[in-house]
Amino acid sequence: MIRMNKDTAVNLVDFLPEAAIQPDLKSHAKKEVLKELVQALSSAHGIKDSANILEALLEREELGSTGIGQGIAIPHGKSDSVSGVVAALGISKRGIDFDALDGEPVHIFFMLIAPSNSAGIHLKILAKISRLLKDKFFRQALREAKTSRDALKLIKDENEY
């Protein structure tokens, strides 16, 4: 688990291993894309209880869609199945109806799971993801990434600025 103080910059690649990036999601619907991303997240981070994570995400989606618009969704939740913050990234070439605020299909899914007792770190990471995805050129480059390595390199490069 990575501990941070307020002077420490958040580096997304610390939470997002290459194996947790799905550059071509196969799912066509909201619940299926969440399942697909939870599977990638669980596999990449060695998480045993993925059902608990999916349940937390679905509960969060019932409160309101994490589809924030401009083709982006940031599904997130808290779970005791993780000991530190973990992330996954999925890209849908065709776009998925995710009940986004602007009604548009979602192409970029940044999933974030934090331990139940975590306070500020996941909020810092959510803010970092939001800032990163505000750049339309970055969003377009991410959508066009062919491999998980390409997507991770884009994030690493952007994270340095």
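Each value in this text was obtained by applying a stated rule to the coordinates, not by laboratory testing. Since this is a predicted model, take the numbers as computed values, not measurements. Virtual Cβ from ideal backbone geometry, glycine too; neighbours counted across all protein chains shown.
Amide H contacts of M111: A88, L89, G90, each under 5 Å away and 5 or more positions distant or on a separate chain (H built 1.01 Å from N in the peptide plane; Pro and chain starts excluded). Note on K136: lysines with a C-alpha under 30 Å away, same-chain residues under 8 apart excluded, are K6, K26, K30, K31, K35, K78, K93, K124, K128, K146, K153, K156. Comparing A40, A29, A73 in a Gaussian network model of the chain, where Cα atoms under 10 Å apart are tied by springs, the biggest mean-square fluctuation is seen for A29.
Counting only trypsin sites (Lys or Arg not before Pro) that are in a DSSP loop and have at most 14 other C-beta atoms within 10 Å, tell me the longest site-free stretch of the chain.
Numbers: sites that count: R3, K6, K26, K48, K134, K146.
In short, 49-133.
Segment N11..A119, full-extension length gain: 37.1 nm, with 0.36 nm per residue of separation and the alpha-carbon distance subtracted.
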